[in-house]
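What follows is a set of notes on a single structure, which appears directly below.
The values are calculated or read from the model by the stated rules, or taken from the named source; none is laboratory data. The model shown is predicted, which means the values in this text are computed figures rather than measured ones. Heads up, the Cβs are rebuilt from the backbone with ideal geometry, glycines too, and the neighbour counts pull from every protein chain shown. Heavy atoms of the whole protein, side chains included, go into the accessibility calculation; ligands, DNA and RNA do not. Shrake-Rupley method; radii C 1.70, N 1.55, O 1.52, S 1.80 Å.
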Amino acid sequence: MVLHASSPRQKSAIDQVETYGAHNYAPLPVVIARAEGARVTDVDGREFIDCLAAYSAVNFGHSNERLLAAATEQLHKVTLTSRAFYSEPYGPFVQALAELCGKDMVLPMNTGVEAVETGIKTARKWGYEVKGVADDQANIIVMDGNFHGRTVTVVSFSNDPDARRSFEPFTRGFRSVPFGDPAALEAAIDENTVAVLLEPIQGEAGVIVPPEGYLRQVREITTRHNVLMIADEIQAGLGRSGTTFACDREDVVPDVYLLGKALGGGIVPLSGVVANSDILGVFQPGQHGSTFGGNPLACAIGSEVVSLLREGTMQSASRDKGARFRAALDPLVDRGLLTQVRGAGLWLGLDVDPALGTAHDICHRLMDKGILAKDTHTKTIRFAPPLVISDEDLDRVIDLTTEALEEAAARPAA
Ligand SMILES: *Cc1c(COP(=O)(O)O)cnc(C)c1O
């Protein structure tokens, strides 16, 4: 199905990517040149409303003025020292982030998957050195349907065949249980279990919100068994689900927060592990690190991200706009256009009735109408616009999404 007629300029840019770039993504055929707030502009000057926000890495909007100012100021001072030396922005950043999390220690990395890897190393080291698990015996419990990134260790415990095939041999020491089932979780724990790693809301799985009370049950079970609760808040956190952390929705404080994506303000990769010193204190010099982790540029931006979050306006915008979005889309289930709407804050997963086509087909229709959204799996469209989206743009998204679904119902894709 080709609904979108690419311009020659767009087409040659795409050909170049498909010729010289590895084919590890299947992007929609739009070539973005500029962006501001929730709007992006392609190389032909056509404007779109961004409803993906780079998988929530751009929660605070493209070209956010405060974040750009912090980045620009630091760019002209010093950008990289390595951790062989101290740098001026490092201390303020780790203190601010620790305080935001109510913890006392931060280990900064770059990408999300590095935070996950660091969380796994933390839990194992804590397990052997603090909990007293026998050598080489530590296990970590993960959730079916999880997404935690793409390294060999992390895909070792994925259930997605595409993410795993031909990447063997895998890392041992993980057990997967159904998400949202506290009894299955408790049954999987033994004396060698060092951690439970979970997304408080599963993002890539399709914005799957666990049953109310589940996170509190996970907290209670992990505490009772002396097992670390590690919350991967890389996509769900930092305002996306309506609160600073998705765990806040149930007033749960995990032992370890994994953060990434929006932490770098959509400007630089910045991730981190945040926990108390009885856990993160297991690391001594030489035992873990990263050349770019905690670099001055990232820290300057990260500090501004934390001060933005401290104000609470991003979180309340997420709640208010999310409620408005949800109220407008819920009726589409009764109208037979969607089979389910799920979400938290300004983060929605819409399951498209298969009779209308795949979620990917609908995303093409949305693109033709000026909306960029991304499917996940075959039937789910994920909506995660920057939290700074205007009410006017949000109304446009609502109208055009309804229109795209109505058109698909009237004339399904071949
Ligand atoms: C995106 C994501 C990751 C991996 O982050 P990268 O920066 O792509 O490595 C890990 N966990 C969750 C929940 C994510 O959404």
Residues Asp395 and Arg34, FRET efficiency given R0 of 35 Å [Cβ-Cβ distance, rounded to 0.05]:
0.90
Can you list the residues of the stretch 96-121 with backbone N under 16 Å from a point 7 Å past the Cα of Ala188, pointing along Cα to Cβ?
120
Would you work out what percent of the accessible area of the chain, with all protein chains in place, is carbon or sulfur (probe 1.4 Å)?
52 percent
So what are the ³J(HN,Hα) numbers for the stretch 330-342, from phi and the Karplus equation (6.51, -1.76, 1.60; θ = phi - 60°), rounded to whole Hz, Gly and Pro as x?
3, x, 5, 6, 4, 7, x, 8, 10, 9, 7, 10, 10
What list of ³J(HN,Hα) values in whole Hz, one per residue of the stretch 81-92 in order, does the Karplus curve 6.51 cos²θ - 1.76 cosθ + 1.60 (θ = phi - 60°) give from phi, with Gly and Pro shown as x?
10, 6, 7, 5, 10, 7, 10, 4, x, 5, x, x
In terms of modelled amide H atoms, which long-range or inter-chain residues lie less than 5 Å from the amide H of Gln340?
Asp351
If R0 is 30 Å, what FRET efficiency do you get for Arg9 and Ser63 from their C-beta distance, rounded to 0.05?
0.85
How big is the gap, in Å, between the Cα center of the stretch 130-194 and the Cα center of the stretch 318-390?
31 Å
Nothing charged except the Cβ atoms of Lys and Arg (+1) and of Asp and Glu (-1): what's the magnitude of the dipole of the stretch 37-123 about its Cα centre? Round to the nearest 20 debye.
220 debye
Among Val31, Pro161, Asn59, which residue has its Cα positioned farthest towards the positive end of the charge dipole of the chain, with +1 placed on the Cβ of Lys and Arg, -1 on the Cβ of Asp and Glu, and the dipole taken about the Cα centre?
Val31
Would you mind computing, in nm to one decimal, how far apart the modelled labels at Ala54 and Glu212 are, each placed 7 Å from Cα along Cα→Cβ?
3.6 nm
Got a sec? Which residues in the stretch 174-209 would a label at Gln137 touch, if it sits 7 Å along Cα→Cβ and we count backbone N under 17 Å?
174-175, 188-195
Cα-Cα pairs above 30 Å in the chain: how many percent?
43 percent
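Could you work out the relative contact order of the stretch 65-312? I mean the mean sequence separation of Cα pairs under 8 Å and 6+ apart, divided by the number of residues, in percent.
31 percent
Have a look at the DSSP beta bridges in the chain and tell me what percent are antiparallel, nearest 5. Please list the in-between numbers first.
Working: 30 of 46 bridges.
Around 65 percent of the beta bridges assigned by DSSP in the chain are antiparallel ones.
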Within the stretch 212-306, report the GluC sites (Glu not before Pro) that DSSP leaves as loop and that have at most 15 other Cβ atoms within 10 Å.
Glu212
What residue among Thr243, Leu270, Gly345 has its Cα farthest toward the positive end of the dipole of the chain, where the charges are +1 on Lys, Arg and -1 on Asp, Glu, each on the Cβ?
Leu270
Residue-wise, which Karplus ³J(HN,Hα) couplings in Hz belong to the stretch 250-259, taking 6.51 cos²θ - 1.76 cosθ + 1.60, θ = phi - 60°, and x for glycine or proline?
10, 6, 9, 10, x, 6, 9, 9, 10, 10
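Once you sort the root eigenvalues of the Cα gyration tensor of the stretch 176-330 as a ≥ b ≥ c, which label holds: rounded (a/c under 1.5), prolate (a/b larger than b/c) or oblate (the other case)? Let's see the in-between values first.
Numbers: a/c = 2.13, a/b = 1.04, b/c = 2.05.
In terms of gyration-tensor shape, oblate.
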Under a cut-off of 14 Å between alpha-carbon atoms, report the aspartates and glutamates in cross-link reach of Lys379, not counting same-chain residues fewer than 8 places apart.
Glu204, Asp351, Asp353, Asp361
So how strong a dipole does the stretch 65-312 carry about its Cα centre when Lys and Arg Cβ are +1 and Asp and Glu Cβ are -1, to the nearest 20 debye?
440 debye
Expected output is a single nm value to one decimal: the length gained when fully extending between Val253 and Asp278, i.e. 0.36 nm times separation in residues minus the C-alpha distance. What is it?
7.5 nm
Given Lys321/Lys374; Lys103/Lys321; Lys103/Lys261; Lys103/Lys125; Lys11/Lys369; Lys121/Lys261, the pairs whose alpha carbons are separated by over 22 Å:
Lys103/Lys321
What whole-number distance in Å separates the alpha-carbon centres of the stretch 262-289 and the stretch 81-116?
5 Å
List every residue whose amide H lies under 5 Å from the amide H of Asn295, counting only residues 5 or more places away in sequence or on a different chain, with H placed 1.01 Å from N in the peptide plane.
none
Once you keep just the Cα pairs under 8 angstrom separated by 6 or more residues, what percentage relative contact order results for the chain?
23 percent
With the dipole of the stretch 65-312 defined by +1 on each Lys or Arg Cβ and -1 on each Asp or Glu Cβ, the option from Leu198, Val227, Pro296 whose Cα lies farthest towards the positive pole is Pro296
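What FRET efficiency do you get for Ala163 and Asn226 if R0 is 25 Å and r is their Cβ-Cβ distance, rounded to the nearest 0.05? Provide the component values of the computation, followed by the final result.
On the way: r = 31 Å, r/R0 = 1.25.
Using R0 = 25 Å, I get an efficiency of 0.20.
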Using a 1.4 angstrom probe on the protein heavy atoms only, could you order Lys121, Lys77 from most to least accessible area?
Lys77, Lys121
Rounded accessible area per residue of the stretch 65-312, 1.4 Å, Å²:
41 Å²
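Name the shape class, rounded, prolate or oblate, that the alpha-carbon gyration tensor gives for the stretch 109-230, where a ≥ b ≥ c are the square roots of its eigenvalues, rounded holds for a/c under 1.5, and otherwise prolate holds if a/b is larger than b/c and oblate otherwise.
Details: a/c = 1.62, a/b = 1.07, b/c = 1.51.
Judged from the Cα gyration tensor, the stretch 109-230 comes out oblate (a/c at least 1.5, b/c at or above a/b).
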For the pair Thr313/Asn24, report the inter-label distance in nm, with labels modelled 7 Å from Cα in the Cβ direction.
3.8 nm
